[in-house]
Amino acid sequence: MIRKASLTAALAEQRSDRRIEVLRRIQASGSISEAARQVGISYKAAWQALDTLSNLAGVELVQRSVGGKGGGGAVLTPDALLLLEAADAMGQAREQLQVQLQQAQNQAKGDAPRAGISVATTLARLQVVTSMRNQWPCVVQSLSADGPLVVVQMHGAEAGAQQFGVRSHITAESAQLLGLRAGLPVLAMCKATAVAVMPASETMRSAANHWQGTATRATRGAGVQEVAVRLAAGVQLVGFSQQAVGLRARARVQVAVEPSAVVIALSGE
């Protein structure tokens, strides 16, 4: 049975960051290695981009030819060409929408006072639909190598939340495909089940992501509890406590998240 391409799924994946650009370069050069060089990523990262897009689309997007004059190459499938056309159309539509939003915002300046939010930025963040309940707008502060991994240090992007620091460990290929650099706006995310919550008085094992806060909501019971926490920087998160003594609202707590559990997404800003 021939699978039907789901190109909308491929396009919806975090604005496809550099992955769509890999396809464009393959179309132009006929070579995956040359496409990787032109985009500025490794050959392995280029293959990761192709694998991800193919999985999202549900069909193969690149056909490889082995041997022959020139040693073979890579050709985009008709589905890949259609994906590129759709990406161009979406990019143009996004630019037009941003212009319209900016014009509407400028016209509204003489009206009643409004919050100083960026409508386009907020809408772009809402496009990231995920089961991860903890999503924090952040800015990349620094990147450093740690063996095969990249340590990404971030801080909160919103006013008042810049004291909130969070660290993530990702592969070098992922960092390349996302185009991570200092100053880049991103979304840091993690599952609630990855967030450990304990009373402030307890001793918690050291963790790169370790914060103090106040419980704002907690399920009843002395077993595993779901706890909502507000940090001093104003950031809110949800996690779980496995303490024998139940936590209650307004209790002082400490929170820890392993860097490997923190996922980075492009926020669309």
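Computed from the coordinates by the stated procedures, all read-outs in this text should not be read as laboratory data. This structure is a prediction, so every number in the text was calculated from the model and none was measured. Note that each Cβ is placed from the backbone with ideal geometry, even for glycine, and that neighbours are counted across all protein chains shown.
Observations on the model:
- Per-pair calculated FRET efficiency, R0 = 35 Å: GLN27 and ALA159 via Cβ, rounded to 0.05: 0.25
- Sorting 160-166, 148-154 by average packing, meaning the other beta carbons within 10 Å per residue, from highest down gives 148-154, 160-166.
- Distance between the pseudo-spin-label points of TRP47 and GLN100 (7 Å out from Cα toward the beta carbon): 4.3 nm.
- Peptide packing for 204-216, 228-240 was compared via the average number of neighbouring C-beta atoms within 10 Å per residue; ordered from the highest value, the list is 228-240, 204-216.
- Computed extension gain for ALA207 through GLU85, at 0.36 nm per residue and net of the alpha carbon distance, reaches 39.4 nm.
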